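Some notes on the structure that comes next.
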């Protein structure tokens, strides 16, 4: 009897709890679009990758020749107004140069032997006065730079340009979503999600360091065309559809 009484109490209590109503409210539809915005701005500095390469029979002789040439380049860069903070050594290497004897008729071959050493020393230079860029490139070749020469035009602080690209991307996304929904005869409600892909770094522009004999003889400054940097941002936006 005691067991039946407890069961009856539990059954009565359960019956008194109101049933939870199932939510049958239809969920709003959504629309997701992607759009890209761009902003173009003139560069305010150039980044050079220069290289001095020297070869000699011994590592010591190659290193001494390389050091002398690079010291002259650094001194001249500073004389042109390049700050210490804008000069950075990179990619320093000492490598042996081997001679591989030809194979004999029986297929054997003597081991290769070292016949010299090559020393390379790289220098990254930030040129903030673009008016001096052509002269600096020309002077660097005259002073001993004989490899490298890539030029990348950049902006010291691209935040404003990236923000403008971001704004343009969002405006393009709104215009695209509005056009799609108006064509479908529906409206936009609240935004539920925004994400972005920032491709803010401008594409590098390469410039060969090699000069013709005529250009070297005339010692004319290297012609420079800086153009503009294009910064790009893509946004992904999701809206609920107005019911």
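Derivation of every value follows stated rules applied to the coordinates shown; laboratory data play no part. For clarity, every value in this text was computed on a predicted model and none was experimentally measured. Cβ coordinates were reconstructed from backbone atoms using ideal geometry, including for glycine residues, and neighbour counts include every protein chain displayed.
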* Structure fact -> In nm, the gap between the two label points placed 7 Å beyond Cα toward Cβ at residue 135 and residue 64 is 3.4
* Asked: Where does each of 183, 67 land when they are ranked from fewest to most other beta-carbon atoms within 10 angstrom?
  -> 183, 67
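Please work out the FRET efficiency for the pair residue 238 and residue 175, using the Cβ-Cβ distance as r and a Förster radius of 25 Å; give the result to the nearest 0.05. Please report the intermediate quantities before stating the final value.
Values: r = 16 Å, r/R0 = 0.63.
It comes to 0.95.
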* Rg (Å, one decimal) plus Dmax (Å, integer) for the alpha carbons of segment 133-173? -> 18.1, 53
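Normalised radius of gyration for segment 45-154, please: alpha carbon Rg relative to 2.2 N^0.38 Å, two decimal places.
Against the compact-globule rule of thumb, the ratio is 1.38.
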* Go ahead and run the numbers for FRET between residue 118 and residue 71, Cβ-Cβ distance against an R0 of 25 Å, rounding to 0.05. => 0.85
* **Taking segment 45-154 and dividing mean pair separation by its residue count, relative contact order in percent (alpha carbons under 8 Å, at least six apart)** => 50
* Structure fact -> By the mean-Cβ-within-10 Å protection proxy, highest first, 166-175, 105-114 rank as 166-175, 105-114
